1. Can you pull out every residue in the stretch B:82-120 that is assigned to a loop (DSSP other than H, G, I, E, B), open to solvent by 40 Å² or more (accessible area, probe 1.4 Å) and more than 26 Å from A:Cys326 (Cα to Cα)?
2. Write out, first by first residue and then by second, each pair whose Cβ atoms fall under 7 Å of each other, whose residues are 6+ apart or on separate chains, and whose first residue, in the stretch B:148-169, is part of a helix (DSSP H, G or I) while the second is of a type in the set (Ser, Thr, Tyr).
3. Can you name the residue in the stretch A:343-353 that is over 14 Å from A:Ala384 (Cβ atoms) and in contact with a Gly (Cβ under 9 Å, 6 or more places away or on another chain) and, of all such residues, is nearest to ligand 2 (Cβ to nearest atom)?
4. Among the listed residues A:Gly222, A:Gly197, A:Gly235, A:Gly183, identify the single one that is within 16 Å of ligand 2 (Cβ to nearest atom), open to solvent by less than 10 Å² (accessible area, probe 1.4 Å) and closer than 21 Å to A:Val77 by Cβ.
5. Condition first: in contact (Cβ under 8 Å) with a residue 60 or more places away in the chain and open to solvent by 10 Å² or more (accessible area, probe 1.4 Å). Can you find one or more residues in the stretch A:119-126 that meet it?
6. May I ask you to list the residues in the stretch A:68-88 that are surrounded by fewer than 24 Cβ atoms within 10 Å (Cβ to Cβ) and of a type in the set (A, V, I, L, M)?
7. Can you run down the residue pairs with Cβ atoms below 9 Å, 6 or more apart or on separate chains, where the first is in the stretch A:3-27 and more than 13 Å from A:Leu91 (Cα to Cα) and the partner is among the basic types (Lys, Arg)?
8. Note down all Cβ pairs under 8 Å where the first residue falls in the stretch B:187-203 and is at the interface with chain A (Cβ under 7 Å from one of its Cβ atoms), the second is open to solvent by 60 Å² or more (accessible area, probe 1.4 Å), and they're at least six residues apart or on different chains.
Amino acid sequence: MSTKIVTARVGVPDSYLLSTYLEHGGYSSLKKALAMTPEEVHAEVNASGMLGRGGAGFEAGRKWAMLKQDVVRYLVVNGDESEPSTFKDHLLVEQDPHQLVEGTLITAYAIGASRAFIYLRGEFALGLERVQAAINEAYAYGAVGRNIFGSGFSIDLVLQPGAGAYICGEETALIESLEGKRGFPRIKPPYFPAVIGLYGAPTIVNNVETMSNIPWIIANGGKSFAALGKGRSTGTRLFALSGDVLRPGNYELEMTSKTFRELIFDPEFGGGLRDGRSVKAVIPGGVSAPWIGPDNLDLPLGQDEVAQAGSMLGSGSIIVIDDHSCAVRAAWRITKFFNRESCGQCTPCREGSGWIEKIMHRIELGSATESDLDLVLDVCDNIAPGLTWPPQQTTICVLGPSIPSSVVSAIKMFRDEFMIHIKEEGCPFVH
Amino acid sequence: MSFFTPENLGKAQVLVGLYPDKRSALIPLCHLAQGQHGHLSNEAMVEIAELLGIQPAEVMGTASFYDMLHTEEVGKYLVGVCTNVACMLGGGLELLEHASDVLGIPPGATTDDGMFTLEEVECVAHCDKAPCAQVNYRYFGPLADSDFDRLVDDLRSDRLSETVPPHGVLSRVFRDAPAMVPLEIIHQERRDMDEAKKARLAAQNQDAGGKQ
Ligand SMILES: Cc1cc2nc3c(=O)[nH]c(=O)nc-3n(C[C@H](O)[C@H](O)[C@H](O)COP(=O)(O)O)c2cc1C
Ligand code: SF4
Ligand code: FES
């Protein structure tokens, strides 16, 4: 049995209730933390080496250290989870909201936040109910509010619902949204909300899974966390596996302990593909990530390992595409997503996503010509000049430069499939 | 005449009081209004603006950015079929076509009886149940065509009213209490915490210096 940190209580009946959480030692980490100094709590998180679980993979302890020490500063938890094929935070907020609340309160203490906010994706109706109920229970239990557990530390915790906009996952857009505005990402610099964030005050933004790891780190020590995994990839990660596999789902694995192949084929996890099919491509880290081919299936699931292969572990989601599925159609659908969700502030992103979507659709439907392939690459190059990885940024946020990832990967890996669509004037796959 | 019922006005006032800047309550208030009325009416936006001390146009301007805030009427059940990539690989586009046939409307439209509005939606983080659909943000999947037909039947005959409230009602759990600690008190506490921390660090440095 491998170590389960964030999903330890998933599957326990009524895992979301305070009574269940307390039976499993819940809120003892908060008590422990409040008996430590904020620096000591911070030091444990530093020692854990935990990388943020939201996508960018920035070390949590280092981010906290960057927080400008103004008297007024805030903590905002990012639960907007809308990166296509990412569904790990969804599980955590529904099944273990108290773990999230406890991690948030410990963090608020460590960084000295004036108020903490949990921003949850609006579509998570059940998640909103579960987290609000957990917050209500936590207040009644004395874990949040005035003079928490008699420690002299006080704070209020507020749940904020989103209202349907992918871009609000980007941390500066999330802050705008939390201020009651349209979710427009802010122009950088300032690069970090840790300097100028919510209401202009220094703000830490951390992901739901990042926060959910904190109680375990305080209970077991940062060193125990760092003992799991390898290199910069410490602890576990919750991998969201989907697409053409027999057993899609969330699997919490010690980082680097398994390869893509093991996650996809092990009967305990993905359970393999349908009879007679093989892996054609894998999209690691959300649809912003470049695809990897079957030749990379033996890569361990670690931050640097995937980065070295020219992609990213990103949000920890993994989509499998088998050889009966169409690469053109998948890449087209991903572009359509970006086109719908572009906030419209930057020309390359707003216009480029539309053009790529149109051309890709034309290719999929069989009404394209060979020159359309070059045209689509040219538009991609205008969004992210040089088509390098990581991409060059010409826009306010990194949604723009993420648009070419799928299209460029698909054309690089499956050019012949594109040519068949063009020559035979249609999609050769049955769907 | 006020838009919010007395009960909801109470909730609205709690929401407004939660933030250092009232405007942050804009989205929560829009959800509250939709919960009461099914969509975001002009009267609601005017009242929200009043509660927040801003112009109704600012409420409209913000609300129009967000997919879940509907300034036009929508059906009692907002059915969103996901066709993003994981669902697409599982037959999401075909499910959307089927949904359109069964309900007799294209995506974006509402049935004549006002029962259903159909939408094509982006990933709703339910990808391990592909292809999936959400009804008023309650999730169903994986859905074969026949499962979808049964779902529509159940909704029509009110068999799912427990799990799926009418459109607009999002979270049915509200905050028990307003914010407990005035920010002035928090700020004083933080000043003290920061002073204490500085003193500890200075003492540590001195210790370290002494040992050298
Ligand atoms: C377009 C875009 C969408 C994002 N969506 C999310 C999201 O849904 N959830 C999330 O935690 N981070 C998301 N991020 C990353 C956040 O900006 C931020 O890096 C993260 O919340 C920091 O938390 P962490 O350090 O704990 O990972 C997104 C970034 C971009 C550019
Ligand atoms: S890159 Fe796209 S999503 Fe990001 S700010 Fe610019 S237009 Fe908006
Ligand atoms: S792709 Fe449909 S729910 Fe994620």
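The values are calculated or read from the model by the stated rules, or taken from the named source; none is laboratory data. Since the structure is predicted, the reported quantities are computational estimates derived from the model, not experimental observations. For neighbour counting, all protein chains shown are included, and Cβ atoms are generated from backbone atoms with ideal geometry for every residue, glycine included. Just so you know, the surface numbers come from the protein's heavy atoms only, side chains and all, with ligands and any DNA or RNA stripped out. Shrake-Rupley method; radii C 1.70, N 1.55, O 1.52, S 1.80 Å.
1. Within the stretch B:82-120, B:Gly104, B:Gly108, B:Asp112, B:Asp113 qualify.
2. Correct list of pairs: B:Leu155/B:Tyr77.
3. Among those residues, the one meeting the criterion is A:Cys343.
4. Details: A:Gly222 fails: within 16 Å of ligand 2 (Cβ to nearest atom); A:Gly197 fails: within 16 Å of ligand 2 (Cβ to nearest atom); A:Gly235 fails: within 16 Å of ligand 2 (Cβ to nearest atom).
Matching residue, one of A:Gly222, A:Gly197, A:Gly235, A:Gly183: A:Gly183.
5. Among the residues of the stretch A:119-126, not one is in contact (Cβ under 8 Å) with a residue 60 or more places away in the chain and open to solvent by 10 Å² or more (accessible area, probe 1.4 Å), which makes the answer no.
6. A:Val71, A:Val72
7. Pairs found: A:Thr20/A:Arg9; A:Tyr21/A:Arg9; A:His24/A:Arg9; A:Gly26/A:Arg9.
8. B:Asp194/A:Gln69
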